[in-house]
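A.B. asks: Structure below; questions to follow.
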Ligand code: ARG
């Protein structure tokens, strides 16, 4: 079922095509009419004719088949107003449609999303929060559109630091080490290992020898390594559950997974003539990549000590994702500083023939989370802020907010709601900023019930649901005769029809804030409507119409929030 927008656009497109094939009507929802086509100017320019004249000609040939009426405005805009019959029909479909008229994508794709990716025996920091939350939203939206999403949690579980981590584990004793790691005390563990490594030469030697054993496949070393990984992954899962994201232990496909493929990466790059030796390392030089001194920048595949690095693993991962998982699209939700790394890895993969042009591959880059001082978010003593700590603090504050108000909720209900609100606050604050931008982590702002926040939207939803509790009879919404005589009602109705476009825009740009902006705008439209149009006290058909708008508004908020990974409770 095409959306309202798509139906109109198809009509306009044929009129535009008749004058100039492939020209773009640039149709947008508009506050002046219902929709506005802004493409006339571009078309007129291409044809070398006055815009008004072209607009008139378009209007004459435009077959809107009763969907809308059209008027030329200004220098040549086409203003479209939906006919009452068509608008009513679209709205009735919306009321009856579980997917709120969002079509399942006609070409289902396999989409690999690489996100979260914390490092074993290291604390998850706010950067991993961003990756986790953005990746989760993109996974949910894509799945809703009918795509197959394969989550790849590219956990850092391999490399030279594991020598010192294993030796430290041996020093501590397995039980004590496991105890410390399972409490999520990853940073203390890592730092203690690092400190010994830096200050104690015997420890350093042991660590080096241990790396060799690890890479050589020594059984006991492997068992100890596995212990570190298992403990960390279990701890990460606790964080994911606390955040309520979809990631599961089975999505963990860490760097070590690609080990057995690395030799082939080297062999195949070599036979493709792409690998050269530079300072003892095996590297690829790719056109267009230079350092600050304008010298060619190497992508290091194998280091001089024969160890493989981050780039080799990512090359193997691209190959695996295209060759074995048959990805049509691969998304990397990783901080902006890794942009060049990915550009180089993909360029190398392209050169090697492992990454066909048809595969969409994107770095879903994001900015930093800042502290109140607008510097990198750190604790007072300069350490990384623990992710779980943030959620816990948000939950405490939300609970305090709830306890401060009059309500008949039980203590358990309040505690559950506090967690829901904390998740909503933290996730929405992250998702609603343009992802490339930095943002300040400010729990009070995030948790506020006013403004562009998660709790505000959750509350808007619960408030609408409360109308239906007061209704005292089931709402069927099956034979509404729409008049939409109040402008606020019409404005809301048009907003409700625009969900498919909001989701399209979100996936095309990979910007979850597009969906946030849509939902916030919708909640505001609802508020204006609700202030202007009494619902329960309205008469018969007017009441039905208003109830139907309430119903679809609540469902749209609930669906939209759920696609962002946010729960919208029935009551608050
Ligand atoms: N573990 C890395 C980090 O913490 C992120 C990995 C991102 N994914 C990838 N395929 N390189 O920065």
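The values are calculated or read from the model by the stated rules, or taken from the named source; none is laboratory data. None of the values given here were measured: they were computed from a predicted structure. Cβ sites come from the backbone with ideal geometry, for glycine too, and all protein chains shown count toward neighbours.
A.B. asks: In region 243-259, what count of residues is obtained for those that are assigned to a helix (DSSP H, G or I) and touching a strand residue (DSSP E or B) at 6+ places or on another chain (Cβ under 7 Å)?
C.D. replies: Step one: list which residues in region 243-259 are assigned to a helix (DSSP H, G or I), which gives 243, 249-251, 255-259.
If we keep only those that are touching a strand residue (DSSP E or B) at 6+ places or on another chain (Cβ under 7 Å) too, we end up with 251, 255.
Residues flagged as assigned to a helix (DSSP H, G or I) and touching a strand residue (DSSP E or B) at 6+ places or on another chain (Cβ under 7 Å) within region 243-259 amount to 2.
A.B. asks: Another one. Could you tell me whether residue 207 is surrounded by fewer than 16 Cβ atoms within 10 Å (Cβ to Cβ) and either modelled with pLDDT of 95 or more or more than 25 Å from residue 392 (Cα to Cα) (or both)?
C.D. replies: Values: surrounded by fewer than 16 Cβ atoms within 10 Å (Cβ to Cβ): no; either modelled with pLDDT of 95 or more or more than 25 Å from residue 392 (Cα to Cα) (or both): yes.
No: the conditions fail for residue 207.
A.B. asks: On the basis of being without any contact (Cβ under 8 Å) to a residue 40 or more places away in the chain, crowded, with 17+ Cβ neighbours inside 10 Å, within 38 Å of the chain's Cα centre (by Cα) and under 29 Å from residue 99 (Cα atoms), does residue 40 make the cut?
C.D. replies: Numbers: without any contact (Cβ under 8 Å) to a residue 40 or more places away in the chain: yes; crowded, with 17+ Cβ neighbours inside 10 Å: yes; within 38 Å of the chain's Cα centre (by Cα): yes; under 29 Å from residue 99 (Cα atoms): no.
No: the conditions fail for residue 40.
A.B. asks: Among the numbered conditions (1) under 26 Å from residue 128 (Cα atoms); (2) modelled with pLDDT of 95 or more, tell me where residue 358 comes up short.
C.D. replies: The one condition residue 358 does not meet is (1).
A.B. asks: Only one of 121, 139, 151 is away from the ligand (no atom under 11 Å from the Cβ), surrounded by 24 or more Cβ atoms within 10 Å (Cβ to Cβ) and on the phi < 0 side of the Ramachandran plot; which?
C.D. replies: Going through 121, 139, 151 in turn, the sole match is 139.
A.B. asks: Suppose the filter is surrounded by 20 or more Cβ atoms within 10 Å (Cβ to Cβ), touching a strand residue (DSSP E or B) at 6+ places or on another chain (Cβ under 9 Å) and more than 22 Å from residue 565 (Cα to Cα); does residue 494 pass it?
C.D. replies: Values: surrounded by 20 or more Cβ atoms within 10 Å (Cβ to Cβ): yes; touching a strand residue (DSSP E or B) at 6+ places or on another chain (Cβ under 9 Å): yes; more than 22 Å from residue 565 (Cα to Cα): yes.
So residue 494 passes the test.
A.B. asks: I'd like to verify a number: residues in region 265-303 that are without any contact (Cβ under 8 Å) to a residue 24 or more places away in the chain and assigned to a helix (DSSP H, G or I), how many?
C.D. replies: The qualifying residues number 3.
A.B. asks: Within region 304-338, which residues are free of Cβ contacts under 8 Å to residues at least 12 places away in the same chain and more than 12 Å from the ligand (Cβ to nearest atom)?
C.D. replies: 305, 306, 324
A.B. asks: Does residue 414 count as part of a helix (DSSP H, G or I) and within 16 Å of the ligand (Cβ to nearest atom)?
C.D. replies: Details: part of a helix (DSSP H, G or I): yes; within 16 Å of the ligand (Cβ to nearest atom): no.
Answer is no for this residue.
A.B. asks: If you check 205, 255, which single one turns out to be within 16 Å of the ligand (Cβ to nearest atom) and either in contact with a helix residue (DSSP H, G or I) (Cβ under 7 Å, 6 or more places away or on another chain) or over 20 Å from residue 121 (Cβ atoms) (or both)? Reasoning before the result, please.
C.D. replies: Working: 205 fails: within 16 Å of the ligand (Cβ to nearest atom).
Criteria check complete, one pass: 255.
A.B. asks: Test each condition in (1) surrounded by 19 or more Cβ atoms within 10 Å (Cβ to Cβ); (2) assigned to a helix (DSSP H, G or I) for residue 562 and report the one that comes out false.
C.D. replies: Only one criterion in (1) surrounded by 19 or more Cβ atoms within 10 Å (Cβ to Cβ); (2) assigned to a helix (DSSP H, G or I) is unmet by residue 562, namely (1).
A.B. asks: Quick one: would you say residue 416 is at pLDDT 95 or above and either touching a helix residue (DSSP H, G or I) at 6+ places or on another chain (Cβ under 7 Å) or at positive phi (or both)? Break it down into steps so the answer makes sense when it comes.
C.D. replies: Values: at pLDDT 95 or above: yes; either touching a helix residue (DSSP H, G or I) at 6+ places or on another chain (Cβ under 7 Å) or at positive phi (or both): no.
No.
A.B. asks: Can you tell me which residues in region 307-324 are surrounded by fewer than 17 Cβ atoms within 10 Å (Cβ to Cβ) and under 25 Å from residue 141 (Cα atoms)?
C.D. replies: 323, 324
A.B. asks: If you don't mind, there's one more thing I want to ask. Looking at 363, 341, can you tell me which residue is touching a helix residue (DSSP H, G or I) at 6+ places or on another chain (Cβ under 6 Å), within 16 Å of the ligand (Cβ to nearest atom) and at pLDDT 95 or above?
C.D. replies: On the way: 341 fails: touching a helix residue (DSSP H, G or I) at 6+ places or on another chain (Cβ under 6 Å).
Criteria check complete, one pass: 363.
A.B. asks: Something else now. Filter region 155-164 down to the residues that are buried (at least 24 other Cβ atoms within 10 Å of the Cβ) and within 15 Å of the ligand (Cβ to nearest atom) and list them by number.
C.D. replies: Answer for region 155-164, where residues must be buried (at least 24 other Cβ atoms within 10 Å of the Cβ) and within 15 Å of the ligand (Cβ to nearest atom): just 162.
A.B. asks: If I ask for residues that are surrounded by 15 or more Cβ atoms within 10 Å (Cβ to Cβ), assigned to a loop (DSSP other than H, G, I, E, B) and either at positive phi or at pLDDT below 95 (or both), which ones from region 25-37 would you list? Give the derivation first.
C.D. replies: Step one: list which residues in region 25-37 are surrounded by 15 or more Cβ atoms within 10 Å (Cβ to Cβ), which gives 25-27, 29-30, 33-37.
The next check asks that each one be assigned to a loop (DSSP other than H, G, I, E, B); those that pass are 25-26, 30, 33-34.
If the condition is that a residue be surrounded by 15 or more Cβ atoms within 10 Å (Cβ to Cβ), assigned to a loop (DSSP other than H, G, I, E, B) and either at positive phi or at pLDDT below 95 (or both), then 26, 30, 33, 34 are the ones that fit.
A.B. asks: A follow-up question, please. Return the residues of region 397-411 that are over 17 Å from residue 462 (Cα atoms) and in a loop (DSSP other than H, G, I, E, B); say none if nothing qualifies.
C.D. replies: Hits for region 397-411 are 404, 410.
A.B. asks: Continuing with the same structure: How many residues, within region 78-94, are within 26 Å of residue 49 (Cβ to Cβ) and crowded, with 21+ Cβ neighbours inside 10 Å?
C.D. replies: Total satisfying the criteria: 2.
Yes/no per residue for (1) more than 17 Å from residue 564 (Cα to Cα); (2) at pLDDT 95 or above; (3) not in a loop (DSSP other than H, G, I, E, B):
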site: 436; (1), (2), (3): yes, yes, no
site: 452; (1), (2), (3): no, yes, no
site: 458; (1), (2), (3): no, yes, yes
site: 465; (1), (2), (3): yes, yes, yes
site: 479; (1), (2), (3): yes, no, no
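A.B. asks: Is it true that some residue in region 16-24 is surrounded by 13 or more Cβ atoms within 10 Å (Cβ to Cβ), part of a helix (DSSP H, G or I) and touching a strand residue (DSSP E or B) at 6+ places or on another chain (Cβ under 6 Å)?
C.D. replies: Residues of region 16-24 that are surrounded by 13 or more Cβ atoms within 10 Å (Cβ to Cβ), as a first pass: 16, 18-20, 23-24.
If we keep only those that are part of a helix (DSSP H, G or I) too, we end up with 16, 18-19.
Those left that are additionally touching a strand residue (DSSP E or B) at 6+ places or on another chain (Cβ under 6 Å): none.
No, every residue in region 16-24 fails to be surrounded by 13 or more Cβ atoms within 10 Å (Cβ to Cβ), part of a helix (DSSP H, G or I) and touching a strand residue (DSSP E or B) at 6+ places or on another chain (Cβ under 6 Å).
A.B. asks: Considering each of 198, 264 in turn, give the residue that is loosely packed, with under 13 Cβ neighbours inside 10 Å, modelled with pLDDT of 90 or more, over 30 Å from residue 419 (Cα atoms) and more than 36 Å from the chain's Cα centre (by Cα).
C.D. replies: Details: 264 fails: more than 36 Å from the chain's Cα centre (by Cα).
Exactly one of 198, 264 is loosely packed, with under 13 Cβ neighbours inside 10 Å, modelled with pLDDT of 90 or more, over 30 Å from residue 419 (Cα atoms) and more than 36 Å from the chain's Cα centre (by Cα), namely 198.
A.B. asks: Answer with yes or no whether residue 131 is under 30 Å from residue 225 (Cα atoms), within 16 Å of the ligand (Cβ to nearest atom) and not in a loop (DSSP other than H, G, I, E, B). Lay out the reasoning, then the answer.
C.D. replies: Numbers: under 30 Å from residue 225 (Cα atoms): yes; within 16 Å of the ligand (Cβ to nearest atom): yes; not in a loop (DSSP other than H, G, I, E, B): yes.
For residue 131, the condition - under 30 Å from residue 225 (Cα atoms), within 16 Å of the ligand (Cβ to nearest atom) and not in a loop (DSSP other than H, G, I, E, B) - is met.
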